[in-house]
Amino acid sequence: MLRQPGHIMLSHFQQLVVDHQNLSKVLHALQWGIANPDQGNSVSLIANALDYIQHYPERFHHPVEELAFDYLLEHRMGDPPVIEQIQGQHRALEQETAQLYQGYQYGEKSHVVLDAPLIARFERFIAAQRHHIEMENEVLMPVLADLDASAWEDIARDMDFLPDPLFGGFDSREQYEFLAEIIERMHARNSMAK
């Protein structure tokens, strides 16, 4: 079980599900920042979103998934070619995130311009991230949901808990304060529209 400060206990599986929901919110905010480059601080929003994607999902979420996928393969559960495809997506997405993050950090210092090729690259990145999440949700999450507590103990035996710095509800959220503010505004706007 994972414990988030000030939050209820989440199982590793539940945390993976919540992470997908949260990453979708970050991708939505990133897409908004790219589509609205003149809406004050979009450069900071994009930089925050890339920093978050590079530091939380890739350092905690994907490693837990990778351990779970290895467990599935070892116990002949799930579809091995699909699991291997998703593992390949992890590597490709992590490389693309690192390249965008490094390039954007450099560009942020020299006043990056969101030109058509860079916007197209971001759009492909967001689409690939969304496709990856959808594929995991549709194909692998049902298999992972069937694992019992002892299987999850085996999977995450050597994992340290890394609280989510944006959605975890603790002090380091200030690092992503602007991103959090945009996500909250978007959520409020969507709630009002319903």
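A crude spin-label estimate for the pair ARG121 and ARG189, with each label 7 Å from Cα along the Cβ direction, gives 2.6 nm. Label positions at ARG130 and ASP158, each projected 7 Å from the Cα along the C-beta direction, are separated by 3.7 nm. Spin-label model, ASN137 to SER44: label points 7 Å out along the Cα-to-beta-carbon direction sit 3.0 nm apart. Working note: Debye formula, equal point scatterers on the alpha-carbon atoms of the range 53-104, no solvent; log10 I(q)/I(0) at q = 0.28 Å⁻¹ is -1.04. Judged by the mean number of other Cβ atoms found within 10 Å, the most tightly packed of the peptides 62-74, 155-167 leads the ranking 62-74, 155-167.
Every number in this text was worked out from the coordinates using simple rules, so none of it is lab data. Nothing here was measured: the structure is a model prediction, and the numbers come from that model. Reconstructed Cβ throughout: ideal geometry from the backbone, glycine too, with neighbour counts over all protein chains shown.
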